[in-house]
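This report concerns only the one structure given below.
The values are calculated or read from the model by the stated rules, or taken from the named source; none is laboratory data. Small disclaimer: the values here were computed from a predicted structure and weren't measured. Cβ coordinates were reconstructed from backbone atoms using ideal geometry, including for glycine residues, and neighbour counts include every protein chain displayed.
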Amino acid sequence: MAEVYIIVLNWNGWKDTVQCLESLFRSDYRNFRVIVCDNRSSDGSMGKIKQWAEGKLTVEDGVNEKLKSLISPPIKKPVAYVQYNQAEAEKGGKGDDKKVPLVLIRNDGNFGYSGGNNVGIRYASEKGADHIWLLNNDTLVLKNTLRELVHGMESGEALGLVGSVIYFADESSKIQTFGGGKIGPLLGVDRFVRSPGVIHYVSGTSLFIKREVIEQIGLLDDKFFFYWEDVDFSRRALKGGWKLDVAGNAYVYHKFSASVEGQSLKSDLFKAASLAWYFKKHYRVRWVIPVFFNISGMVFNRLIRGQFDRVLPIIKEAFKAQR
């Protein structure tokens, strides 16, 4: 039975993380460990997550009533855990910790999605994981989600990355994406796919990875602080000869925009920097067209909303990312 390491990245979001863990530890596929990588939170996240594992804390508020059964009643506690700092984790922690189901890692700083997850990936790789599942902390899963992902990964030759069917948690019958999306070849327009079909990338909300892919193409590119890292990683996997697929019965419910403040300036700057770097990295001399088109679209959108103070920072961030 393949061993799966599930990496859940946390940054000032312990309530979401605790609910995600409640759903994960109900999984009917039992050969897994969960790694919580904390990006140096300032809200006491690590202490709260420990309290949850010890059975001293439950969080059931803020969840769609239709999904309450995914986290309630609480699973049996305590959940055994081990804690490491970043340096210890990246060396594989203790040699005798493999039977401990929950690993808590305190990163040295806020490294964003790519850098934060990479710490967990290094730990999982040192431990010899067969598959690594990157899962947003603002998600809930069904008890068979992990089993379906493993089955999907093992169902075809050269499969390297497998996605999930991701639903909105607040509208649990509405699909956010059927595994991932497509990127327009000329203008670089990014759009989610919402039904079975070809995808160009697997969504980072739920990204299931075969270990050999990481051994071949390396870790996530940590120049992507947030956004487009999944597109980049998928493209690199495809170039390496791996295939992408979606496990059609692996359902994930996503509390959309819980990770970043919706349409905040910070979110705009992350998007501008990441898309500019992606196209500069992969489109060679053609990068100017998609960057100009996408940044122009962002600027136009902010102008019609009267958010004039965002225009110059967005443009500056896009230029800075290309250096």
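The set of residues from the stretch 168-200 being among the hydroxyl-bearing types (S, T, Y) and touching a Ser or Thr at 6+ places or on another chain (Cβ under 6 Å) comprises just one member, T177.
Mind checking which strands (runs of 3 or more DSSP E) fall wholly inside the stretch 119-186 and carry at least 1 residues that are among the aromatic types (F, W, Y)?
Details: elements: 131-136, 139-141, 159-168, 175-178, 180-183.
Qualifying strands (runs of 3 or more DSSP E): 131-136, 159-168, 175-178.
Please go through the stretch 201-221 and give me each residue that is crowded, with 16+ Cβ neighbours inside 10 Å, touching a residue at least 40 places away in the same chain (Cβ under 8 Å) and not small (G, A, S), ordered by number.
First, pick out the residues of the stretch 201-221 that are crowded, with 16+ Cβ neighbours inside 10 Å: 201-211, 213-214, 217, 220-221.
Next, only the ones that are touching a residue at least 40 places away in the same chain (Cβ under 8 Å) stay: 201-211, 213-214, 220-221.
Of everything in the stretch 201-221, those that are crowded, with 16+ Cβ neighbours inside 10 Å, touching a residue at least 40 places away in the same chain (Cβ under 8 Å) and not small (G, A, S) turn out to be Y201, V202, T205, L207, F208, I209, K210, R211, V213, I214, L220, D221.
Taking the conditions (1) at pLDDT 95 or above; (2) aliphatic (A, V, I, L, M); (3) out of contact with any His (no Cβ under 7 Å at 6 or more places or on another chain); (4) closer than 30 Å to I175 by Cβ in turn, A158 satisfies each one other than (1). One residue stands out in the stretch 29-46 among those that are part of a loop (DSSP other than H, G, I, E, B) and touching a residue at least 60 places away in the same chain (Cβ under 8 Å): the one that is surrounded by the most Cβ atoms within 10 Å (Cβ to Cβ), namely N39.
Taking the stretch 47-78, which residues are within 23 Å of E3 (Cβ to Cβ) and buried (at least 18 other Cβ atoms within 10 Å of the Cβ)? Full working, then the answer.
Taking the stretch 47-78 and keeping what is within 23 Å of E3 (Cβ to Cβ), we get 49, 53, 75-76, 78.
Passing the criteria: I49, A53.
The single condition among (1) in contact (Cβ under 8 Å) with a residue 40 or more places away in the chain; (2) within 27 Å of L21 (Cβ to Cβ); (3) more than 15 Å from the chain's Cα centre (by Cα) that Y227 does not meet is (3). One residue stands out among those in the stretch 172-200 that are β-branched (V, I, T) and without any contact (Cβ under 8 Å) to a residue 24 or more places away in the chain: the one that is farthest from W11 (Cα to Cα), which is V198.
Annotation note: of Y283, Y278, the sole residue that is modelled with pLDDT under 90 and either farther than 16 Å from F226 by Cα or not acidic (D, E) (or both) is Y283. Does the stretch 127-138 contain at least one residue that is farther than 16 Å from V213 by Cβ and more than 15 Å from the chain's Cα centre (by Cα)? So far as the stretch 127-138 goes, yes, one or more of its residues are farther than 16 Å from V213 by Cβ and more than 15 Å from the chain's Cα centre (by Cα). I need the full set of residues from the stretch 85-118 which are outside any helix (DSSP H, G or I), of a type in the set (G, A, S) and in contact (Cβ under 8 Å) with a residue 60 or more places away in the chain, in order please. Hit for the stretch 85-118 is G109, nothing else.
If you go through the stretch 290-323, how many residues are charged (D, E, K, R) and surrounded by 15 or more Cβ atoms within 10 Å (Cβ to Cβ)? Number satisfying all stated conditions: 3.
Of the residues Y5, Y29, the single one that is within 21 Å of the chain's Cα centre (by Cα), of a type in the set (S, T, Y) and farther than 24 Å from Y113 by Cα is Y29.
Could you grab me the full set of residues in the stretch 142-187 that are β-branched (V, I, T) and more than 16 Å from S203 (Cβ to Cβ)?
Pass one, the stretch 142-187, residues β-branched (V, I, T): 145, 150, 162, 165-166, 175, 177, 183.
Selection gives V150 alone.
Count of the stretch 47-65 residues, restricted to those that are part of a helix (DSSP H, G or I) and at pLDDT below 95, is 1. Of all residue pairs spaced 6 or more apart or on separate chains, those with beta-carbon atoms under 6 Å, a first member in the stretch 67-84 that is closer than 18 Å to V252 by Cβ and a second member that is in a helix (DSSP H, G or I) and small (G, A, S) are L70/S23; I71/S23.
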